[in-house]
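Structure, as structure tokens:
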Amino acid sequence: MTFRHELAQQLRVDSVRAGDAAGSGHPTSSMSAADLLAAMLDGHLRLDFERPDNPRNDHLIFSKGHASPLLYSCFKAAGAIDDAELLTFRKFGSRLEGHPTPALPWVDVATGSLGQGLPIGVGLALTGKQLDQLPYRVWVVCGDSEMAEGSIWEAFEHAAHANLDNLVAIVDVNRLGQTGETMHGWDVQSYVDRARATGWHAIDIDGHDPEQVEAALSEAESHSGGPTVIVARTKKGKGVTAVEDLTGKHGKPLPDAAEAIEELGGARDLRVTVSKPDSGELTQAFRVEGADLPRYEVGEEVATRKAYGQTLRAVGSRRGDVVAMDGEVSNSTHSEQFREGHPERYFEMYIAEQQMIAAAVGMQVRGWRPFASTFAAFLTRAYDFIRMAAVSRADLCLMGSHAGVAIGEDGPSQMALEDLAALRAVHGSTVLYPCDANQTAKLLEPMADRPGISYLRTSRGGHPVIYGPDEEFEIGGSKVVRDGNDVTLVGAGVTLHEAVRAADLLAEEGIRARVIDLYSIKPVDTATLRAAAEQTSGLVTAEDHWPEGGLGDTVLAALAESGTMAPVHKLAVPAMPGSGKPAELLRQAAIDAEAIAEAARRLVRQPSMA
């Protein structure tokens, strides 16, 4: 028996042992790809396990993250973890979670939500080619079930378009999914044909034939001009009669681990010396010339989306680590400003929002700070990627433009009315909603320094600048733009301007309204809200968003958590809007100045809660 055969058997045995120790897991999905990974470890992967931050390391992504027992068994074979840690698989406090996460230094991103690993691999390969300009390779292990995901084909399209010959996908075609046979079963040619149609170099092999596996990996490494996919026909549960190529065995430990281990030839303790990358040049650094942030005159009408683009270009001139990407709407989001100033750090991702977010996740792995922009409504197409980015402990910035009914004539398909709720719900996220150009400009650079997922909501239409260019805005803060002790009006973005107008209407009647610009939705300025609740008769919140989960619910949660009792009248978009002028739609939704003023009058007139 060759070393690679014995190593593959060890990977199978250790996958069985890990699943048995945990009482759960996916050993059969791991066993099918063991021959592929044994060959990759022994001569093809270049990764310094002692220096996981080495910029020249290859990257290994398990897109089929449920096969984590195989990945962890590889780490053991490489000497990165010991056997005792392997057997902590899925146990409370273990680094070896059910699906891989960056709790382990050799894991770049969290996987397990199928269809994400390959798009993220595209982002890393783009980084290697255009940003780092280093010769590392990105290896992505995919399952055949996830080939039904649209995000996989967004990745295939973009990788071929960008000629990513530093990207190798290995598709483990073991025929069986969770509940039965996959869509294409062992029709390997169907995968090959579609891959070639998108422009990939495709190799089909028997994934259990050592000579074919070695030849395919060598061919993938030598191929230039575009990405390579190895489509490997395998058997799920390979090597153990009780589970091999049988349905109903997915996601379960083997029924008799000891018998299975004996059938696989017993436990082994082999070590493989994984090649380290060659020494050489460090990561490419982009020179920056510096720039002042844009300054806007009070009273000038400027759309916050335009201020975003102009400021992002300036931030790119101040920081060489900032990169930008867009979903083919850069002339609307104004990220084209960044492209014009820094074309070498701009990436057009086309109408493929999942691939766009995945690329951002891949780029931040290598320390770049991506800003990804599109219409806020279209970010919902990539919401699972955003959710998983948080699991990956990713640091990236998102901008969603054209939010709310205030976009006007385009109608409800283009109106983001759930984005604040969605992004608030992401673990560790930051959610910002500026009302004017200077506020937008001042918030962008702090976003670039902030850990986690940061989201900036911008507006389509122009609104008057109300803050001077030297005003400062802290993430987690707010601004009291009008003082008063009768009632409090809380708005952000578009509705902040409506709240100011409402305060003017109320002032004519002798009602002094306090107006709070709650530009930081998360984290929120609880102290200012609490003071307003204690010092006025109540709060009216107004938002260009559905009633659920947005600004109003933020205010309610903040007051509840601080133990503050106060009446809150929440105004939000109550029904499905149509097309119309922005003013007409704001009026229909009862979130314009007149509606805010009327809600405030009712609060002032009602008896005190005290």
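With K and R counted +1 and D and E -1, the other residues having a Cβ less than 10 Å from that of Thr182 yield a net charge of -3. On the principal axes of its alpha-carbon atoms, segment 302-464 has extents of 41, 31, 26 Å, going from largest to smallest. A viscosity of 1.002 mPa s and a temperature of 20 °C, combined with the Kirkwood radius over Cα pairs in Stokes-Einstein, give a translational diffusion coefficient for segment 399-510 of 139 µm²/s. Start at zero, step by 5 Å, and the Cα-Cα distances of segment 36-85 spread as 5, 18, 28, 28, 18, 3 percent across the bins. Per-residue packing, averaged as other Cβ atoms within 10 Å, sorts the ranges 513-519, 329-335 into the order 513-519, 329-335, beginning with the highest. With the simple spin-label model, which puts each label point 7 Å out from Cα in the Cβ direction, the Ala84 to Thr247 separation comes to 4.5 nm.
Inter-label distance, Phe92 to Lys276: 4.0 nm, where each label sits 7 Å from its Cα along the C-beta direction. For segment 551-610 versus segment 152-210, the spacing of their alpha-carbon centroids is 52 Å. Cross-link pairs exceeding 30 Å in C-alpha to C-alpha distance, out of Lys64/Lys522; Lys76/Lys522; Lys91/Lys129; Lys76/Lys235; Lys91/Lys522; Lys91/Lys235, comprise Lys64/Lys522; Lys76/Lys522; Lys91/Lys129; Lys91/Lys522.
The simple spin-label model puts a point 7 Å past each Cα toward its Cβ; for Glu181 and Glu508 those points are separated by 7.5 nm. Dipole of segment 302-464 computed with +1 at Lys/Arg Cβ and -1 at Asp/Glu Cβ about the Cα centre; of Val323, Leu417, Pro446, farthest Cα towards the positive end is Pro446. Taking only the C-alpha atoms of segment 3-263, the Rg (one decimal) and the largest Cα-Cα distance, Dmax (whole number), read 16.9, 51 Å. Full extension of the chain between Asp410 and Gln284 gives 41.1 nm of extra length, using 0.36 nm per residue less the Cα-Cα distance.
Under the criterion of Cα pairs below 8 Å and six or more residues apart, the relative contact order for segment 479-605 equals 30 percent. Taking every alpha-carbon pair in segment 117-201 and binning the separations at 10 Å intervals from zero gives 18, 49, 25, 7, 0 percent.
Within segment 479-605, the proportion of Cα pairs with more than 18 Å between them is 46 percent. Shown here is the pair-distance distribution of the chain: with all Cα-Cα distances grouped in 20 Å bins from zero up to the longest one, the shares run 20, 44, 27, 9, 0 percent.
Any chance you could check the Cα centroid distance between segment 348-417 and segment 294-321 for me, in angstrom? Using only Cα atoms, the two centres lie 19 Å from each other.
Helix 150-161 against the longest principal axis of the chain: what's the angle in degrees, Cα atoms only, rounded to the nearest 10? On a 0 to 90 degree scale, this one is about 80. Charged neighbours of Pro277, selected by a Cβ distance under 11 Å, balance to +2 (K, R count +1; D, E count -1).
For the chain, take the longest principal axis of its alpha carbons; what is the angle in degrees between that and the long axis of helix 494-507, to the nearest 10 within 0 to 90? Result, in degrees: 20.
Each peptide in 540-552, 586-598 receives the mean, over its residues, of other Cβ atoms within 10 Å, and ordering these scores from highest gives 540-552, 586-598. Taking 0.36 nm per residue of sequence separation and removing the Cα-Cα distance, the Glu50/Asp256 pair yields an extension gain of 70.6 nm. Against the main long axis of the alpha-carbon atoms of the chain, helix 593-605 sits at an angle near 70°.
Each helix, a run of at least 4 DSSP H residues, gives -39500 (n - 2.57); summed and divided by the residues of the chain, these come to -10500 deg cm²/dmol at 222 nm.
Remark: segment 302-464 carries a charge dipole of roughly 460 debye about the Cα centre, counting +1 on each Lys and Arg Cβ and -1 on each Asp and Glu Cβ. Among residues other than Asp245 with Cβ under 11 Å from its Cβ, the summed charge is +3 (Lys and Arg +1, Asp and Glu -1). Highest-first packing order for the peptide set 563-569, 163-169, 186-192 is 163-169, 186-192, 563-569, based on the mean count of other beta carbon atoms within 10 Å.
Its Cα gyration tensor gives segment 453-531 an equivalent ellipsoid. The semi-axes, each the square root of 5 times an eigenvalue, are 22, 16, 11 Å from largest down.
No value in this document is a laboratory result; all are computed from the given coordinates. Please read all numbers here as calculations on a predicted model, not as lab measurements. When we count neighbours, we look across all protein chains shown, and the Cβ atoms used for this are built from the backbone with ideal geometry, even at glycine.
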